[in-house]
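Notes follow the structure.
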Amino acid sequence: MNKIIIANWKMSLSLKQSLNLLANYKQALKSKKTKNQIIVCPDFLSLAYLAAKKQDKRTFPFYLGSQTIGHLKYGALTGEISAFNLKKIGVNYSIIGHSERRQMGEDNDLILKKIKTALNAKLRPIVCFGEKNKMSKKKSQAFIEKQIKQCFSGLKKQEVEKIIIAYEPVWAIGSKNPCLAKDANLIHKEIKDMVLKNFSASVKVLYGGSVDDKNAKDYLAYENIDGLLVGGASLSIFQFKKIINY
Ligand code: PGA
């Protein structure tokens with residue numbers, strides 16, 4: 001089955017490094033066609049360069065995503081970026097509510113506004129949820145349910161179905177201490193059931209948090225894990241090539 005693999009480059013690279021990595025991705029995807037859908041999310045400056053270069057779909061067999069968006073269509077939001085402008089340059093996805101953004105002050109209300117703006121701009125939101133610290137199954141389930149209910153509050157079934165959820169336990173991000181694939185699979189099932197119960201919607205749920213070329217295969221083997229959100233390992237073409245070809 002086809003899975004969705006997202007590369008989140010965060011703010012890790014210089015512009016030159018981003019362009020080099022892009023050339024390596026192109027090469028890797030040209031030499032071996034993957035059955036998976038690839039979405040690359042570079043920093044904004046690199047994103048603009050990549051979008052300008054990405055005119056020919058055959059040589060760029062992946063989609064572009066942003067790492068965040070501003071919550072308004074346009075307006076007085078110094079330092080923010082308009083989802084509508086991103087859409088115009090060929091961006092189709094946006095990560096929203098990543099835990100690193102939440103740590104900078106984004107809350108569930110703001111995330112809901114950003115989701116609505118993304119949907120209006122016809123960007124598909126990739127919305128991140130996850131508990132901060134390791135906790136019991138019951139507690140983490142309740143925590144995530146609260147996050148989802150607040151972030152999706154008032155959205156219609158058709159809107160929720162456009163959203164891709166990323167389950168990213170914060171303790172697993174960049175820690176080399178990932179959530180075990182079998183545990184993640186159970187949580188993904190619970191998230192899907194919860195969204196079905198509350199919004200009558202079926203959603204795809206991806207796992208993120210210390211995914212690498214060794215553990216990716218385990219996650220992708222589970223039916224409730226629809227793909228991966230990869231941070232650190234997406235910066236290494238050696239690792240990412242392996243991950244996208246499982
Ligand atoms: P990581 O990051 O793969 O480096 O843990 C994942 C993320 O932050 O989305």
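The values are calculated or read from the model by the stated rules, or taken from the named source; none is laboratory data. Worth saying up front: this structure is predicted, and the values here are computed from it rather than measured. Neighbour counts are summed over all protein chains in view; Cβ atoms, including those assigned to glycine, are modelled from backbone coordinates with ideal geometry.
Results for (1) polar (S, T, N, Q); (2) under 18 Å from the mean Cα position of the chain (by Cα), shown as yes or no for each residue.
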{"site": "Lys137", "(1), (2)": "no, no"}
{"site": "Gln141", "(1), (2)": "yes, no"}
{"site": "Lys146", "(1), (2)": "no, no"}
{"site": "Glu161", "(1), (2)": "no, yes"}
{"site": "Asn185", "(1), (2)": "yes, yes"}
Over the range 7-32, the set of residues closer than 18 Å to Ser66 by Cβ and basic (Lys, Arg) is Lys10
ask   = Do the conditions hold for Ile89, that is, is it under 25 Å from Ile38 (Cα atoms) and modelled with pLDDT under 95?
value = yes
Selection over the range 90-131 where residues are in a loop (DSSP other than H, G, I, E, B) and either in contact with a strand residue (DSSP E or B) (Cβ under 9 Å, 6 or more places away or on another chain) or under 30 Å from Phe60 (Cβ atoms) (or both) yields a count of 10
Ala118 passes all but one of the listed conditions (1) among the small types (Gly, Ala, Ser); (2) more than 16 Å from the ligand (Cβ to nearest atom); (3) closer than 25 Å to Ala184 by Cα; the exception is number (3)
Given the conditions (1) under 22 Å from Tyr246 (Cβ atoms); (2) surrounded by fewer than 14 Cβ atoms within 10 Å (Cβ to Cβ), every one holds for Ala52 apart from (1)
Given the criteria within 16 Å of the ligand (Cβ to nearest atom) and not in a helix (DSSP H, G or I), does Ile39 qualify?
yes
Condition set touching a Pro at 6+ places or on another chain (Cβ under 9 Å) and more than 18 Å from Arg101 (Cβ to Cβ), scope the range 170-184, selection farthest from the ligand (Cβ to nearest atom): answer is Ala184
Of (1) polar (S, T, N, Q); (2) under 18 Å from Glu190 (Cα atoms); (3) in contact with a Pro (Cβ under 8 Å, 6 or more places away or on another chain); (4) modelled with pLDDT of 95 or more, Ser94 satisfies every one except (2)
Picked from the range 84-101 (must be in contact (Cβ under 8 Å) with a residue 12 or more places away in the chain and surrounded by fewer than 16 Cβ atoms within 10 Å (Cβ to Cβ)), the residue nearest to the ligand (Cβ to nearest atom) is Asn92
Is it the case, given these coordinates, that Leu196 is away from the ligand (no atom under 13 Å from the Cβ), free of Cβ contacts under 8 Å to residues at least 60 places away in the same chain, among the hydrophobic types (A, V, I, L, M, F, W, C) and closer than 15 Å to Ser140 by Cβ? no
Of the residues in the range 1-49 that are more than 27 Å from Leu220 (Cα to Cα) and among the polar types (S, T, N, Q), the one that is surrounded by the fewest Cβ atoms within 10 Å (Cβ to Cβ) is Ser14
Picking from Leu77, Leu13, the residue that is over 26 Å from Lys204 (Cα atoms), part of a loop (DSSP other than H, G, I, E, B) and away from the ligand (no atom under 16 Å from the Cβ) would be Leu77
**Study point:** Residue check for Ile187: within 14 Å of the ligand (Cβ to nearest atom), at negative phi and surrounded by 16 or more Cβ atoms within 10 Å (Cβ to Cβ)
**Key:** no
